[in-house]
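The values are calculated or read from the model by the stated rules, or taken from the named source; none is laboratory data. Quick caveat: nothing in here was measured; it's all calculated off a predicted structure. Side chains are part of the model used for accessible areas, which takes the heavy atoms of the whole protein and leaves out ligands, DNA and RNA. Shrake-Rupley method; radii C 1.70, N 1.55, O 1.52, S 1.80 Å.
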Amino acid sequence: MTFTLRMTVNGRPVELEVDHDELLLDVLRTRLDLTAAKRSCEIAECGACTVLVDRQPVSSCCTLAWDARGRRVDTAEGLARDGELNPLQEAFAEHGALQCGYCTPGMLMSATALLEETRAPTAEEVRHGLRGTLCRCTGYRGIVEAVVAAGAQRAGHAA
Ligand code: FES
Ligand code: FES
(Lines give C-alpha, C1' and ligand atoms only; values in the text may rest on other atoms or scores of the structure.)
(Ligands and ions follow the chains in the order given, each with its own letter.)
Protein backbone atom coordinates (compact mmCIF):
# COMPACT_ATOMS: atom_id res chain seq x y z
CA MET A 1 0.00 0.00 0.00
CA THR A 2 1.32 3.42 -0.87
CA PHE A 3 0.73 6.95 0.30
CA THR A 4 1.71 10.37 -0.95
CA LEU A 5 4.68 11.61 1.02
CA ARG A 6 5.07 15.36 1.20
CA MET A 7 8.03 16.76 3.04
CA THR A 8 10.69 19.42 2.67
CA VAL A 9 14.16 18.11 1.94
CA ASN A 10 17.07 20.52 2.16
CA GLY A 11 14.65 23.40 1.73
CA ARG A 12 12.87 21.95 -1.29
CA PRO A 13 9.31 20.60 -1.23
CA VAL A 14 9.12 16.97 -2.25
CA GLU A 15 6.09 14.88 -3.14
CA LEU A 16 6.23 11.23 -4.10
CA GLU A 17 4.36 7.95 -3.80
CA VAL A 18 5.94 5.77 -1.15
CA ASP A 19 5.19 2.36 0.33
CA HIS A 20 3.92 2.43 3.89
CA ASP A 21 6.86 0.34 5.05
CA GLU A 22 9.51 2.24 3.10
CA LEU A 23 12.38 3.60 5.16
CA LEU A 24 13.36 7.25 5.09
CA LEU A 25 16.92 6.19 4.25
CA ASP A 26 15.73 4.38 1.13
CA VAL A 27 13.55 7.26 0.03
CA LEU A 28 16.47 9.64 0.34
CA ARG A 29 19.04 7.39 -1.30
CA THR A 30 17.12 5.60 -4.00
CA ARG A 31 14.18 7.86 -4.78
CA LEU A 32 15.74 11.29 -4.30
CA ASP A 33 19.34 10.34 -5.14
CA LEU A 34 20.60 11.87 -1.91
CA THR A 35 23.26 9.33 -1.03
CA ALA A 36 25.16 11.14 1.74
CA ALA A 37 23.32 9.27 4.49
CA LYS A 38 24.86 5.79 4.58
CA ARG A 39 23.50 2.35 5.36
CA SER A 40 25.59 0.41 7.80
CA CYS A 41 24.33 -1.25 11.01
CA GLU A 42 20.59 -0.85 10.22
CA ILE A 43 19.79 -1.01 13.94
CA ALA A 44 20.21 2.65 14.98
CA GLU A 45 23.59 2.09 16.56
CA CYS A 46 26.27 3.55 14.29
CA GLY A 47 24.88 6.91 13.17
CA ALA A 48 26.02 6.57 9.55
CA CYS A 49 22.47 7.19 8.33
CA THR A 50 21.79 10.24 10.52
CA VAL A 51 19.70 13.02 9.05
CA LEU A 52 17.75 15.79 10.74
CA VAL A 53 13.98 15.67 10.94
CA ASP A 54 12.63 18.97 12.18
CA ARG A 55 16.23 19.74 13.23
CA GLN A 56 16.52 16.65 15.43
CA PRO A 57 18.97 13.88 14.52
CA VAL A 58 17.33 10.59 13.61
CA SER A 59 18.58 7.24 12.32
CA SER A 60 16.99 7.16 8.89
CA CYS A 61 17.67 3.40 8.69
CA CYS A 62 15.05 2.88 11.38
CA THR A 63 12.64 5.69 10.52
CA LEU A 64 9.67 5.12 8.28
CA ALA A 65 9.20 7.64 5.52
CA TRP A 66 5.65 7.84 6.84
CA ASP A 67 7.01 9.53 9.96
CA ALA A 68 8.62 12.27 7.87
CA ARG A 69 5.39 13.39 6.23
CA GLY A 70 4.90 17.11 6.54
CA ARG A 71 8.31 17.51 8.15
CA ARG A 72 11.53 19.25 7.36
CA VAL A 73 14.33 16.84 6.51
CA ASP A 74 17.95 17.95 6.24
CA THR A 75 20.77 15.85 4.87
CA ALA A 76 24.48 16.51 4.47
CA GLU A 77 23.87 17.48 0.83
CA GLY A 78 22.11 20.60 2.09
CA LEU A 79 24.97 21.91 4.22
CA ALA A 80 27.02 23.60 1.48
CA ARG A 81 25.66 26.80 -0.03
CA ASP A 82 26.36 27.91 -3.59
CA GLY A 83 29.18 25.39 -3.86
CA GLU A 84 30.86 26.65 -0.66
CA LEU A 85 31.38 24.34 2.32
CA ASN A 86 29.75 25.60 5.48
CA PRO A 87 31.96 26.46 8.49
CA LEU A 88 31.46 23.04 10.08
CA GLN A 89 32.51 21.28 6.89
CA GLU A 90 35.50 23.62 6.60
CA ALA A 91 36.47 22.78 10.16
CA PHE A 92 36.26 19.04 9.39
CA ALA A 93 38.66 19.55 6.48
CA GLU A 94 41.03 21.76 8.49
CA HIS A 95 41.23 19.43 11.49
CA GLY A 96 41.56 16.16 9.58
CA ALA A 97 38.21 14.96 10.88
CA LEU A 98 37.71 12.38 8.15
CA GLN A 99 39.59 9.57 6.51
CA CYS A 100 37.43 7.11 4.58
CA GLY A 101 34.50 9.50 4.96
CA TYR A 102 31.85 6.86 5.50
CA CYS A 103 30.77 8.25 8.85
CA THR A 104 31.21 11.88 7.84
CA PRO A 105 27.72 12.80 6.58
CA GLY A 106 26.10 11.35 9.68
CA MET A 107 28.74 12.93 11.89
CA LEU A 108 28.16 16.32 10.25
CA MET A 109 24.41 16.11 10.82
CA SER A 110 24.80 15.03 14.43
CA ALA A 111 27.28 17.87 14.96
CA THR A 112 24.93 20.32 13.26
CA ALA A 113 22.20 19.39 15.73
CA LEU A 114 24.63 19.63 18.63
CA LEU A 115 25.74 23.12 17.58
CA GLU A 116 22.10 24.18 17.34
CA GLU A 117 21.58 23.12 20.94
CA THR A 118 24.89 24.13 22.47
CA ARG A 119 26.37 27.42 21.37
CA ALA A 120 30.06 26.71 21.87
CA PRO A 121 30.41 23.14 23.14
CA THR A 122 33.48 21.98 25.03
CA ALA A 123 35.41 18.93 23.88
CA GLU A 124 33.65 16.91 26.56
CA GLU A 125 30.24 18.12 25.40
CA VAL A 126 31.12 17.24 21.81
CA ARG A 127 32.25 13.75 22.80
CA HIS A 128 29.02 13.27 24.69
CA GLY A 129 26.86 14.79 21.96
CA LEU A 130 28.37 12.65 19.21
CA ARG A 131 28.53 9.42 21.19
CA GLY A 132 25.89 7.80 18.96
CA THR A 133 27.89 8.31 15.78
CA LEU A 134 30.75 5.89 15.28
CA CYS A 135 33.96 6.38 13.33
CA ARG A 136 36.29 3.48 12.63
CA CYS A 137 39.13 5.58 11.23
CA THR A 138 39.98 8.81 12.95
CA GLY A 139 40.09 8.10 16.67
CA TYR A 140 37.65 11.03 17.02
CA ARG A 141 40.28 13.61 17.97
CA GLY A 142 40.04 15.60 14.74
CA ILE A 143 36.25 15.37 14.79
CA VAL A 144 36.03 16.74 18.32
CA GLU A 145 38.51 19.52 17.51
CA ALA A 146 36.57 20.45 14.39
CA VAL A 147 33.23 20.70 16.16
CA VAL A 148 34.72 22.69 19.04
CA ALA A 149 36.36 25.05 16.53
CA ALA A 150 33.16 25.48 14.50
CA GLY A 151 31.19 26.20 17.66
CA ALA A 152 33.75 28.72 18.89
CA GLN A 153 33.82 30.41 15.51
CA ARG A 154 30.07 30.62 15.39
CA ALA A 155 29.83 31.93 18.96
CA GLY A 156 32.48 34.51 18.14
CA HIS A 157 30.58 35.65 15.09
CA ALA A 158 27.34 35.83 17.05
CA ALA A 159 28.89 37.81 19.93
S1 FES B 1 22.84 2.51 9.57
FE2 FES B 1 21.43 3.63 10.72
S3 FES B 1 22.32 3.83 12.66
FE4 FES B 1 23.67 2.52 11.60
S1 FES C 1 36.30 8.53 8.59
FE2 FES C 1 36.11 6.38 8.20
S3 FES C 1 34.52 5.77 9.53
FE4 FES C 1 34.90 7.83 10.08
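Surface composition of the chain: carbon plus sulfur atoms hold 48% of the accessible area, using a 1.4 angstrom probe and ignoring ligands, DNA and RNA.
In plain terms, if you count all Cα to Cα distances in the chain and split them into 5 Å steps from zero, the share in each step is 2, 10, 19, 22, 19, 14, 9, 4, 2, 0, 0 percent.
The angle between the Cα long axis of helix 104-117 and the longest principal axis of the Cα atoms of the chain comes to about 70 degrees, rounded to the nearest 10. Only helical runs count toward this figure. For the chain, summing -39,500 (n - 2.57) over DSSP H runs of n ≥ 4 and dividing by all residues gives -9000 deg cm²/dmol at 222 nm.
Across region 124-134, rounded Karplus estimates of 3J(HN,Hα) from the backbone phi angles (6.51 cos²θ - 1.76 cosθ + 1.60, θ = phi - 60°) give 5, 5, 5, 4, 5, x, 9, 5, x, 10, 9 Hz, Gly and Pro being marked x. Counting 0.36 nm for each residue step from ASP33 to ASP82 and taking away their Cα separation leaves a gain of 15.7 nm.
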